[in-house]
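The block underneath contains the structure these notes are about, expressed in structure tokens.
The values are calculated or read from the model by the stated rules, or taken from the named source; none is laboratory data. On a predicted model such as this, the values are computed, not experimentally measured, just so you know. Here the Cβ positions follow ideal geometry from the backbone for every residue, glycine too, while neighbour counts run over all protein chains shown.
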Amino acid sequence: MQKSILYLLITVFTFSISTAQKPKTPSSSEIYESIQKLNFLGSVLYIAAHPDDENTRLISYMSNHVKARTAYLSLTRGDGGQNLIGTEIRELLGVMRTQELLAARRIDGGEQLFTRANDFGYSKHPDETLNIWDKETVLSDVVLAIRKFRPDIIINRFDHRTPGSTHGHHTSSAMLSFEAFDLANDNSAYPAQLKETSLWKPQRLFFNTSWWFYGSQEKFEKADKSNMISFDIGTYYPLKGLSNNELASIASSQHLCQGFGRLAQRGTQQEYVEFLKGEALTNNENVFAGIDTSWNRVKGGKAIGNILYTIEKNFNFKNPSEHISQLIEAYKLLQNIEDEHWKAQKTKELKAIIEMCAGLYLEASAKTNWATQGESINLSIEVLNRSKTDITLVSYNNARDLNVSKNIVLKNNVKFSFKEAIKINNDVRPTTPYWLNEKGSLGMYRADEKYIGLPETPRTFNIDFNLLINNVPITFTKHIIQRFSKPDKGELYRPFEIIPEASAKISEKVIVFENDLQRDVTVIVKSGRDNLEGHIELCHPKDWSVYPEKQKVNIAHKGEEQTLVFTIIPPKNQSEGYISPIVHINDKNYTKELIEIDYEHIPFQTVLLPSESKIVRLNIKKRGENIAYIAGAGDVVPESLKQIGYNVLTINPEDMTPETLNRFDAVVVGIRAYNTVEALQFKQQVLFDFVADGGNMIVQYNTSYRLKTDKLAPYDLKLSRDRVTDEHAEVRFLNPQHELLNYPNKITQQDFKGWTQERGLYFPNKWSKEFTPILSMNDKNETPKDGSLLVAKHGKGYYIYTGLSFFREFPEGVSGAYRLFANMLSIGKEDLKLETKLND
């Protein structure tokens, strides 16, 4: 029953998220809540390191109970995490997690900000983190966020005083916030920022503490709380029909690619914040104590407050439009106040409330969701006033070529529709996440200064609707969107994007040649316009050959694709490099791939990235042909194994029987499968019997949290949080003569060069005598970790558990990772050992 209720709540709240651009249709209670927030002049900035770090309970409480303007500053976009619902990793995962954060904020009422820091993966200490990130640049971004957002209160998710005790990114976020708190009001700190913004002094800095930071509930109960404020974040909101913690659960459940879907929580729940610095607390009940959050805060605000407080006190839930005249009077007064920050913020809020009270519907819909430079696009304009207020549509325009006068009185509930066309200028840049426009470093993204901090690239194409409301001119700006329908989905919305006239992609991102035989590679060219003509060629390393050198591109219709096949001829010996397509259209060259990210819980995304694929000529031997793969949390290991000649079939654990496994040489279990696949808990004995009968079983990393079974292996094995995050860490061979290091491929130190992001994670730290550890490694100043690769003979076959990050190395074409995995699959194949010895 609980799951059904949560599903209903999520459905209600995410309808406008899955159809991301759909205009809001707020209820009277939502309008009233907006007026309450309009009448609160105070702000809170919550700071942490990654998407899903944020405490949605506290963000929701500050936004919906306190009514403060609240934002979450995530230092990174979570690019280094894993993806439980798809195959997107790195940059594309960062795009997904950005949108999941925005989806969460639409539910909990917060706003979203970022720095340019890149989530390069797990870090054990802030010293490492801040070195890779470039501390000064990230610190400047935090200072900029404070100066622009102007928070009265800053709350850190993590403790700045505990370096080395948790993820280095976490502690770094708190350390940077602690330092930026004072720098934001220092005119010698990042003075160039002051050309576009101004100094700001936050009033208080807090740490969002809890029993977790003290190690146990018992220790926290005994802790001195005289410097803390606590509040019940389980408060119930009758206007929403939800409690704060229910709302927060729905918000955090938007982080689906991180596996954060969860049941809602209800009832009283205490939240704590510890005072760190700023204006001393006058009581332990209110973070805003002593801070004027009324309209009296701004010069000239008293008269505005007199109007707006009266509206709030006497709000007409049956007919909100009754208040439009008063709202317009407040709007006129607001335009005359001197405080530019509050003028801009409250004007934005007030305009939205006027629009809601009038039931205004303003839309500009294109016939397509994307266009190219030089193209003309037809728009459908819709304007509707659903109130008795005197409203005139004076005109509508965009910033480029559209300026249409109308002077039409918008009568109550009479829809006006117009057809227009706009031209996409040749200087318009294609739509893509701004932080991906230029290649960054391991720890930092590069970005145009005017975009720093923004969650998304601002939309280029908008329509300004210029209205007279009670003879007062007000302009409402709407993004151009595409509104369409599907028979099985109903009405849908997509953002309007600009794409290049040509893009190209190679079907496989890593192409592995296990021998020197040639292979055909498929290149797909997509046209952004009609009648695309030109040619395409492949750039390639000098010791590789490509045939033919170039091919014609001829695509008749916009949106269509042309598939071309090139033959790649590898060198005789081991080699690697990159191939990349170049599409030549007239005098322009196109080298990027158009990537579409389409999930129901976030808006449709288009991303442009350099189109290239790694090509690897491997000296590799292997044994066994047929591999059964049990999918875990979104890795591309099956595709990678196919690259080196294995027959791989992904199987459903529920259908797994001894008979179905009979034809396989090995079973490979995907990453975190024992955390995510319920059926595995009932199929372990089937798998162990398969091993006993002579098969090999390879289990890739899982976390010890939420395991579906206590018996991962046929022998005792205990997972830990041990990991080696330095991808260059020394790898020591504990058993140099072991089969895994010698047959069929001789593994050397060379095979551990070129690894990316990490060596491995969540290694076992305890195992029974049946297991043999193969490798030892550790990060700087740490004890050796010997559990990265464990093998045990079980009956006639072998069971292998590995925390090595093959799921990261395979997509990067790391040769040694392929060679080692081939040995793992080949172990115990006696005839191959004999053949290898004879060849040697």
inquiry  = Checking residue 582 against (1) more than 15 Å from residue 525 (Cα to Cα); (2) in a strand (DSSP E or B); (3) of a type in the set (Val, Ile, Thr), only one condition comes out false. Which one?
reply    = (1)
key: Which listed residue, of 700, 643, 681, is surrounded by fewer than 19 Cβ atoms within 10 Å (Cβ to Cβ) and not hydroxyl-bearing (Ser, Thr, Tyr)   = 681
inquiry  = I'd like to check which strands (runs of 3 or more DSSP E) are fully inside the range 394-484 and have at least 1 residues that are in contact with a helix residue (DSSP H, G or I) (Cβ under 9 Å, 6 or more places away or on another chain) and farther than 24 Å from residue 603 by Cβ.
reply    = 462-469, 472-479
key: Selected residue (criterion: modelled with the highest pLDDT) from residues of the range 108-126 that are out of contact with any Leu (no Cβ under 8 Å at 6 or more places or on another chain) and within 18 Å of residue 80 (Cβ to Cβ)   = 116
Selection count, the range 100-123, where residues are in contact with a Gly (Cβ under 6 Å, 6 or more places away or on another chain) and farther than 18 Å from residue 149 by Cα = 5
task = Evaluate the following for residue 756: is it under 20 Å from residue 700 (Cβ atoms), modelled with pLDDT under 95, not aromatic (Phe, Trp, Tyr) and not in a helix (DSSP H, G or I)?
result = yes
remark   = Exactly one of 76, 70 is at pLDDT 95 or above, closer than 21 Å to residue 146 by Cα, in contact with an Asp or Glu (Cβ under 6 Å, 6 or more places away or on another chain) and crowded, with 21+ Cβ neighbours inside 10 Å, and that residue is 76
task = Write out, first by first residue and then by second, each pair whose Cβ atoms fall under 6 Å of each other, whose residues are 6+ apart or on separate chains, and whose first residue, in the range 600-624, is at negative phi while the second is part of a loop (DSSP other than H, G, I, E, B) and among the basic types (Lys, Arg).
result = 613/509; 623/829
message = Among the residues in the range 35-52, are any part of a helix (DSSP H, G or I), among the hydrophobic types (A, V, I, L, M, F, W, C), crowded, with 20+ Cβ neighbours inside 10 Å and at pLDDT 95 or above?
response = yes
inquiry  = Restricting to the range 759-817, and then to whatever is in contact with a Ser or Thr (Cβ under 8 Å, 6 or more places away or on another chain) and of a type in the set (Asp, Glu), can you tell me which residue is surrounded by the most Cβ atoms within 10 Å (Cβ to Cβ)?
reply    = 809
note = Counting only residues in the range 648-666 that are surrounded by fewer than 14 Cβ atoms within 10 Å (Cβ to Cβ) and touching a strand residue (DSSP E or B) at 6+ places or on another chain (Cβ under 8 Å), the one nearest to residue 256 (Cα to Cα) is identified as 650
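Yes or no, residue by residue, for (1) out of contact with any Phe, Trp or Tyr (no Cβ under 6 Å at 6 or more places or on another chain); (2) more than 20 Å from residue 151 (Cα to Cα); (3) of a type in the set (Phe, Trp, Tyr):
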| position | (1), (2), (3) |
| --- | --- |
| 199 | yes, no, no |
| 208 | yes, no, no |
| 237 | yes, yes, yes |
| 241 | yes, yes, no |
note = The number of residues in the range 250-278 that are assigned to a loop (DSSP other than H, G, I, E, B) and touching a strand residue (DSSP E or B) at 6+ places or on another chain (Cβ under 6 Å) is 2
request  = Within the range 186-196, track down each residue that is farther than 19 Å from residue 160 by Cβ and assigned to a loop (DSSP other than H, G, I, E, B).
outcome  = 187, 188, 190, 196
request  = Please enumerate the residues belonging to the range 732-748 that are part of a helix (DSSP H, G or I) and touching a Gly at 6+ places or on another chain (Cβ under 9 Å).
outcome  = 739
task = Could you list, in sequence order, all residues of the range 337-368 that are basic (Lys, Arg) and at pLDDT 95 or above?
result = 343, 346, 348, 351
task = Consider residue 293 carefully, then state whether it is under 21 Å from residue 152 (Cα atoms) and at pLDDT 95 or above.
result = yes
query = Any idea which residue in the range 110-155 is farthest from residue 168 (Cα to Cα), counting only those that are small (Gly, Ala, Ser) and either touching a strand residue (DSSP E or B) at 6+ places or on another chain (Cβ under 7 Å) or outside any loop (DSSP other than H, G, I, E, B) (or both)?
reply = 110
ask   = Since residue 382 meets every condition but one in (1) touching a Lys or Arg at 6+ places or on another chain (Cβ under 7 Å); (2) free of Cβ contacts under 8 Å to residues at least 40 places away in the same chain; (3) closer than 30 Å to residue 134 by Cβ, which condition does it not meet?
value = (3)
task = Only residues that are within 14 Å of residue 735 (Cβ to Cβ) and among the acidic types (Asp, Glu): list them for the range 764-815, please.
result = 786
request  = Determine which single condition residue 815 fails, assuming it passes every other condition in (1) within 19 Å of residue 638 (Cα to Cα); (2) of a type in the set (Ser, Thr, Tyr); (3) in contact with a Leu (Cβ under 7 Å, 6 or more places away or on another chain); (4) modelled with pLDDT of 95 or more.
outcome  = (4)
task = Evaluate the following for residue 184: is it among the aliphatic types (A, V, I, L, M), over 21 Å from residue 281 (Cβ atoms) and modelled with pLDDT of 90 or more?
result = no
note = Restricting the range 394-421 to residues that are of a type in the set (Lys, Arg) and more than 30 Å from residue 322 (Cβ to Cβ), the one surrounded by the most Cβ atoms within 10 Å (Cβ to Cβ) turns out to be 400
task = Check the range 210-227 and report whether any residue there is in contact (Cβ under 8 Å) with a residue 60 or more places away in the chain, in the same structural domain as residue 106 (by TED's automatic domain parsing) and hydroxyl-bearing (Ser, Thr, Tyr).
result = yes
note = Of (1) surrounded by fewer than 19 Cβ atoms within 10 Å (Cβ to Cβ); (2) part of a loop (DSSP other than H, G, I, E, B); (3) out of contact with any Leu (no Cβ under 7 Å at 6 or more places or on another chain); (4) in contact (Cβ under 8 Å) with a residue 24 or more places away in the chain, residue 325 fails just (2)
query = For the range 434-450, what are the residues that are touching a Lys or Arg at 6+ places or on another chain (Cβ under 8 Å) and among the small types (Gly, Ala, Ser)?
reply = 440, 447
inquiry  = Scan the range 797-807 and tell me whether some residue there is modelled with pLDDT of 95 or more, over 19 Å from residue 666 (Cβ atoms) and not polar (S, T, N, Q).
reply    = no
Number of the exception - residue 234 against (1) in a loop (DSSP other than H, G, I, E, B); (2) surrounded by fewer than 18 Cβ atoms within 10 Å (Cβ to Cβ); (3) over 24 Å from the mean Cα position of the chain (by Cα) = (2)
